[in-house]
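This report concerns only the one structure given below.
What follows is calculated from the coordinates using simple rules that are stated; it is not laboratory data. All figures in this text were calculated on a predicted structure; none of them were measured in a lab. Counting neighbours? That spans all protein chains shown, and the Cβs are built from the backbone with ideal geometry, glycine included.
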Amino acid sequence: MTDTDARIWLSPPDVGDLERKLLLAAFDSNWVAPVGPDLDAFEAQVAELVGVRHAVALSSGTAALHLALIAAGVRRGDTVLVPSFTFAATANAVVYLGARPVFLDSTPDSWNVDPALVAEELRARAERGALPRAVIAVDMYGQCADYDPLLDACDRYGVALIEDAAEALGATYRGRAAGSFGLAGVLSFNGNKIITTGGGGMLLTDDSRVAKQTRHLSTQAREPVPHYEHRTVGYNYRLSNLLAAVGRGQVQRLEQMIAARKATFEYYRSELDGMTFMPIADYGAPNYWLTCALVDGDRDRLLAALNAKNIEARPAWKPMHLQPVFADCVMRGGDVSADLFRRGVCLPSGSALTEHDRKRVVDAIREG
Ligand SMILES: *Cc1c(COP(=O)(O)O)cnc(C)c1O
């Protein structure tokens, strides 16, 4: 196989000398544990970047969602409103607590949860005395949900909002950073996200009670006494100091990585007339994590054609209300998310994608 045939991945890690240097320095310091100076520095860096008071680095975005829901007081038997068009982790975290997700459809304007549906569901539930304990909004493919109306609706009924910004670090909404909305924001540093630690996540909040509780629960809920004393069930959810060192390097390169992904989006959009790209709402700037588009013809045939050319592309998320595991959950709204799944593709968008690779993708789509 020649160089030109090398597989093009959807969103591979983009790490280099800086991350390698920081990782080895952390290793040599012997802070090889879920505690250490790199962990503290990584948290401080992200908190400043997003503009929140507290950041708690965790082992995954899913762990951060789990602890954010605990902070919101979600318990067995509760209801939580969740966008149907998301990755399963968003809904799974609700189920971990014995609560039930109620799924809501997206708006075609941004592919994010429809704020009018959230407001209507809260109104109807308030009327029958069945308010959800929390609402989760997801910043899909790196674009913020519409937070003004979402926060208005949640505030009106005193329901906590949690922002799943796993895909959206670096995006903004009316000048405010993704991850800063609601009671707590959640980031992911999984291998395919805009920045990676090889696996990791973070909970962001301005609420010092939430930050304190999250630190406590993520480190096995040990009481601050010399012997091992526990008043509540804890979790082993803290990020390793080694991985935080990688994260420190990634954050320094975030601006450059967003610029690279944006250039890829603009190239695809200018070269591929037949596709309808995910709309960019005028309320903010996405981080262009993945370039996604709707295909008019046979979506699966296009994916197969790309795969035959050694190019990884994926269907858009399959909505949660169509997943067998959530078949018994309530779904509100229309057919937007189902249509996004039927016609949507995510194209190779990694920040290290070369011009040559982009052209290969475009040529393969034109042929397919
Ligand atoms: C990736 C992702 C998560 C989960 O993050 P992990 O770090 O993989 O646990 C949650 N929600 C959304 C929307 C995601 O894309």
Only one of (1) part of a helix (DSSP H, G or I); (2) farther than 25 Å from residue 264 by Cβ is not met by residue 49, so which one is it? (2)
Could you grab me the full set of residues in region 62-82 that are more than 10 Å from the ligand (Cβ to nearest atom), touching a residue at least 40 places away in the same chain (Cβ under 8 Å) and not aliphatic (A, V, I, L, M)? 73, 75, 78, 79
All but one of (1) under 18 Å from residue 203 (Cβ atoms); (2) in a helix (DSSP H, G or I); (3) away from the ligand (no atom under 13 Å from the Cβ) hold for residue 94, so report the exception by its number. (3)
Of all the residues that make up region 44-61, how many are more than 16 Å from the ligand (Cβ to nearest atom) and touching a residue at least 60 places away in the same chain (Cβ under 8 Å)? 8
Just one listed residue, out of 211, 259, 184, 245, is touching a residue at least 60 places away in the same chain (Cβ under 8 Å) and either within 14 Å of the ligand (Cβ to nearest atom) or closer than 24 Å to residue 290 by Cα (or both), and it is 184
Could you tell me whether residue 151 is under 22 Å from residue 203 (Cα atoms) and either within 13 Å of the ligand (Cβ to nearest atom) or of a type outside the set (Phe, Trp, Tyr) (or both)? yes
Considering only region 254-284, state which residues are surrounded by fewer than 19 Cβ atoms within 10 Å (Cβ to Cβ) and not in a helix (DSSP H, G or I). 272, 273, 274, 276, 277, 279, 280, 281, 282, 283
I'd like the full set of residues that are within 16 Å of the ligand (Cβ to nearest atom) and in contact (Cβ under 8 Å) with a residue 60 or more places away in the chain, limited to region 113-139. 134, 136
Conditions: (1) more than 12 Å from the ligand (Cβ to nearest atom); (2) in contact (Cβ under 8 Å) with a residue 60 or more places away in the chain; (3) under 18 Å from residue 326 (Cα atoms); (4) of a type outside the set (Val, Ile, Thr). Residue 85 meets all but one. Number of the miss? (1)
